[in-house]
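Okay, so here's the structure we're looking at.
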Amino acid sequence: MSDAKTPQSIKVLLADVDGTLVTEQKVLTERTVAAIKALRQNGVTFAVTSGRPPKGMDMLIAPLGLDTPIAGFNGGAMVKPDGSVIEEKTLPPDVARAAIALILKHKMDAWLYTAKDWFVHDRKAPHCDREAWTVKFEPVVVTEFSEPDLDKAVKIVGVSDDRELVAQCEADAQQAFGSTVSAARSQPYYLDITHPQANKGDVVETLSKLLGVPKDQFATIGDMPNDVNMFKKSGFSIAMGNASDAVKAQASATTESYNDEGFAKAVERFILKTQA
């Protein structure tokens, strides 16, 4: 871990999920659950944000005792733990169509998420099985994305195992759409395209208002380029050991990887200060 001086007034810890809170096998460790319990016992509120749909985080609610707003789709949909919607940010319909076209032009698979459903063209395409296992619900297979669903798109995902291609599509999307979208990789093989205010930096802004806690009293922890936005908005930020050097360079501190209790160790060392 890298050394860093943690602010004394951290009141909220906002965590990414995949690559951060859960292991490579998408499970919570006992040490992670214990660390979050200890946070609460020490007066620190815990919240999560992810590129996952909100109901793809239902399995975290009971074991972590989540009682804070849950920010799915990188902030595209903010819900209460009971599933009731606080706010929702859909893509402009013309932008949604153009984003799909750009992804397909790059020979990548395209997924479309509305607030309630996940649509794919090929159920056997790369990562569909893993995504369904991760979020605990099945996609709807369609030949083409329908006009009504494109009008309600909260997130569009470009998928490929060619990581350089995903990175290139990310850069091309950012150049093509500019400030009309947020385009960032949530995993090396996923490019997430969402509403421009559906990004993790805006999640910090929204939670700050909802919880009544200043942004400089937030700590954030994540591993991917789409986490950098929340790093920049918070008072203290932690990059996972499995993050790229570019992501680590944007954080206040670095912890171990998600397969080596990196989340729990970060909480213990930087927030609770129980580990040297």
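So the values come out like this:
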| read-out | value |
| --- | --- |
| Cα-based helix-to-principal-axis angle, 93-105 vs the chain, degrees rounded to 10 | 80 degrees |
| Equivalent ellipsoid semi-axes - Cα gyration tensor, the chain, angstrom | 30, 19, 18 |
| Cross-link pairs Lys89/Lys215; Lys26/Lys124; Lys107/Lys233 - those with Cα-Cα distance over 24 Å | Lys107/Lys233 |
| Note, ³J(HN,Hα) from phi for region 77-86, Karplus 6.51, -1.76, 1.60, rounded to Hz, x at Gly and Pro | 9, 10, 10, 7, x, 7, x, 5, 7, 8 |
| Hydrodynamic radius of region 93-194 per Kirkwood, over alpha carbon pairs, in Å | 13.5 Å |
| Amide H contacts of Asp109 (H built 1.01 Å from N, under 5 Å, at least 5 apart or other chain) | Val159 |
| Sequence ranges 149-160, 103-114, 204-215, ranked by mean other-Cβ count within 10 angstrom, highest first | 149-160, 103-114, 204-215 |
| Length-normalised contact order for the chain - Cα pairs under 8 Å, 6+ apart - percent | 22 percent |
| Nearby aspartates and glutamates by direct alpha-carbon distance to Lys105 (threshold 18 angstrom, same-chain neighbours under 8 apart not counted) | Asp94, Asp122, Glu144, Asp161, Asp162, Glu164, Glu170, Asp172, Asp192 |
| Which listed pairs, of Lys55/Lys136; Lys136/Lys232; Lys11/Lys116; Lys37/Lys116, have C-alpha distances above 20 Å, in listed order | Lys136/Lys232; Lys11/Lys116; Lys37/Lys116 |
| Average Cα contact separation per residue, region 1-115, under 8 Å, 6 or more apart, as relative contact order % | 17 percent |
| Listed residues Asp227, Asp117, Asp82, most fluctuating in the chain (Gaussian network, C-alpha, under 10 Å) | Asp82 |
| Karplus 3J(HN,Hα) series, Hz, for region 57-67 with 6.51 cos²θ - 1.76 cosθ + 1.60 (x for Gly, Pro) | 10, 4, 5, 8, 4, 5, x, 9, x, 5, 10 |
| The chain: angle of helix 163-177 to the longest principal axis, Cα-based, in degrees nearest 10 | 80 degrees |
| Contact order relative to length of region 93-194, as percent, for alpha carbon pairs under 8 angstrom and 6 or more apart | 30 percent |
| Cα centroid separation - region 76-133 against region 259-276, whole Å | 33 Å |
| J(HN,Hα) series, region 40-56, from Karplus relation 6.51 cos²θ - 1.76 cosθ + 1.60, nearest Hz, glycine and proline x | 4, 5, 9, x, 9, 7, 10, 9, 10, 9, 7, x, 4, x, x, 6, x |
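Values in this text are rule-based calculations from the coordinates and carry no lab data. Since we're looking at a predicted model, the values are computed, not measured. Don't worry about glycine lacking a Cβ; one is built from the backbone with ideal geometry, like all the others, and counts go over all protein chains shown.
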